[in-house]
Structure formats: C-alpha cells, structure tokens
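The values are calculated or read from the model by the stated rules, or taken from the named source; none is laboratory data. Treat the numbers as computed from the prediction; the structure is a model and nothing was measured. FYI the Cβ positions are ideal-geometry reconstructions off the backbone, even for glycines, and counts take in every protein chain you see.
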C-alpha cells in the first residue's frame, strides 16, 4: 500500500503549521497510525517543502522503518503514544511560541475558559522536560498523554494526539489562539485600569 491520501494529509498539515508560524521549517513532526503501520515525517527536512514520498513508514510489529529518509527524532514519542492509547490515530508536534512562552512563565492555561479550551483543546498537561529525541522525553510525553490529548513540554513545544490529523491540527491552532487571547486580554485589562 502507498497510503497516498494519508501522506498528502501529513504534508498538508505540516505546511499549514509552518505557514501559520506554529513551528519552524525544520521543527515539528506528524504521524498517522493505520493499524500496525505508522506514517511519520522525516527528520531534518523543511516541513513546508515535504512531498508525499518523503514520509517514512514504521511497522509497529517488526519495529522497522521504511523510506528514503530517517524518521523524525521524536518518532519514539509518537510510537509510545500509539502503543498506549488505542484511540490515538494521529500525533502532531509543533513549537508554538505564545502558548509555550506562557507555560514557561508559569501560566496555567487550563484556567482560561474559551470555546477552544472546551471543544478543541481539552485539558492541558505539562510533561517533564528531557532532551529532544530521547527515550526519556518520549516516556514523559506518553505518560502525560494518558491523561491529556494536549501535552506541553516546557522550553520545547506541544504534542497533541487525536482521532485524525486534522483534529490534531485544530487543537494546535486553537491552543495558540487561546494563548493569544490570554495575552491580549491581560494587556487590555492592564491598559484600561
């Protein structure tokens, strides 16, 4: 199987994240699980220039990767989420600047009640930091993913799992929109008082 539709969806979502400024061109990653096969973004390629044939396939039964590129360095986080959460069919990781800055500043975004927080984001968990691409980071993210669909790693980025890649994209866009709302609201209150 070539999984063209799913490969195109991953390419589309990654281009969208870069174009919206929600991840840097070589940052972030995405995956889709189809049974025992996981389609993953490659490592170190500009995500806004991906082609469907760049997507890497991972076999969850054999642990083998197939493709012309190496899988993303965060592939272990994606695979651990899939192994532990049956409902997870897509995982998306981005480096969202505003929501990440607020978490790093100690702001609890779970206290912000918006339409997005209720319908798109859900509860936000903060995972323990670990170096990017490590099994330790993957374990921290997967542990948090058992409690929340939206996981932020301080000074790193956000991981989201969902039933499909476009719902995961909606969650990340909604998270950053809520973070912008929070900042603008605080600035408005400060300037009006």
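A few notes on this one:
- Odd one out for residue 73 among (1) modelled with pLDDT under 95; (2) over 24 Å from residue 46 (Cα atoms); (3) in a loop (DSSP other than H, G, I, E, B); (4) within 14 Å of the chain's Cα centre (by Cα): (2)
- Checked against (1) under 11 Å from the mean Cα position of the chain (by Cα); (2) on the phi > 0 side of the Ramachandran plot, residue 153 passes all but condition (2).
- Among the numbered conditions (1) under 13 Å from residue 78 (Cα atoms); (2) surrounded by fewer than 23 Cβ atoms within 10 Å (Cβ to Cβ), the only one that residue 141 does not meet is (2).
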